[in-house]
Amino acid sequence: MPLIGIAIVDANGVIGDGERQPFEIAEDWARFKRVTHGHVLVMGRRTHDAIGRWLPGRTTIVVTSRPDDVILPSDGRAQGRTAASVGAAIDLARSLDDTVFIAGGGSVYAQAWPLLTDLDLTEVHAQAEGSVRFPDIDPTDWAEVSREPHDGFDFVHYRRR
């Protein structure tokens, strides 16, 4: 069962500043929507808050220590749940779908890292300000499966060895 880390990262692995991601690339958002549509996303509360809305066509599980503070979607376009830990979120996600995406932030990626089977990254050819980093990709653990070059960024897929 695929458990996929999905992120946009700068040349040094930066994914954000703790409140937002450093890049807004239309092709990245379109691809994120296409790839994750119909599946389950797991993300931390700060990442969910930074997105600012529930993403239609997906079930999003928000990891939070304060589930009562999360207002779940009610319009039927998106599904939302909460979980008190990354492990509980992954267990719940796996009970809902065969393909699960881990969508950040830094702490959620780090906690899910040992369980990830794949990485689906947008690697930006620039440096960004920010202190939140994606975990280092050790080539002894991860094999690059595909790379789709674009102007200023690449879509890259890795699979755990």
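Could you tell me which residue of the stretch 127-140 is nearest to W113 (Cα to Cα), considering only residues that are surrounded by 12 or more Cβ atoms within 10 Å (Cβ to Cβ) and not basic (K, R)? Out of the qualifying residues, it is P135. Report yes if some residue within the stretch 33-49 is surrounded by fewer than 21 Cβ atoms within 10 Å (Cβ to Cβ), more than 14 Å from the chain's Cα centre (by Cα) and without any contact (Cβ under 8 Å) to a residue 60 or more places away in the chain; otherwise report no. Yes: one or more hits. The selection criterion, being assigned to a strand (DSSP E or B), farther than 19 Å from Y158 by Cβ and among the aliphatic types (A, V, I, L, M), holds for V62. Restricting S95, S146, S85, S74 to those that are free of Cβ contacts under 8 Å to residues at least 40 places away in the same chain, closer than 16 Å to A7 by Cα and of a type in the set (S, T, N, Q) reduces the list to S146.
Among the candidates D118, D151, D141, the residue that is among the charged types (D, E, K, R) and over 24 Å from F23 (Cα atoms) is uniquely D141. Just one of the listed residues (R94, R53) is in a loop (DSSP other than H, G, I, E, B), surrounded by fewer than 22 Cβ atoms within 10 Å (Cβ to Cβ) and among the charged types (D, E, K, R), namely R53.
Number of residues in the stretch 86-111 that are aliphatic (A, V, I, L, M) and touching a Gly at 6+ places or on another chain (Cβ under 9 Å) equals 4.
Take the conditions (1) within 14 Å of the chain's Cα centre (by Cα); (2) of a type outside the set (G, A, S); (3) at pLDDT 95 or above; R20 misses just one of them, which is (3).
Listed by first and then second residue, the pairs linking a residue in the stretch 1-24 that is farther than 9 Å from G130 by Cα to a residue that is among the basic types (K, R) and modelled with pLDDT of 95 or more, with Cβ atoms under 6 Å apart and 6 or more places separating them unless they lie on different chains, are G13/R133. Scanning the stretch 130-148 for residues that are among the small types (G, A, S) and either touching a His at 6+ places or on another chain (Cβ under 6 Å) or in a strand (DSSP E or B) (or both) returns A143, S146.
The values are calculated or read from the model by the stated rules, or taken from the named source; none is laboratory data. Just so it is clear, the structure is predicted and the values come from calculations on it, not from any experiment. Here Cβ is always computed from backbone atoms with ideal geometry, including for glycine, and neighbour counts include all displayed protein chains.
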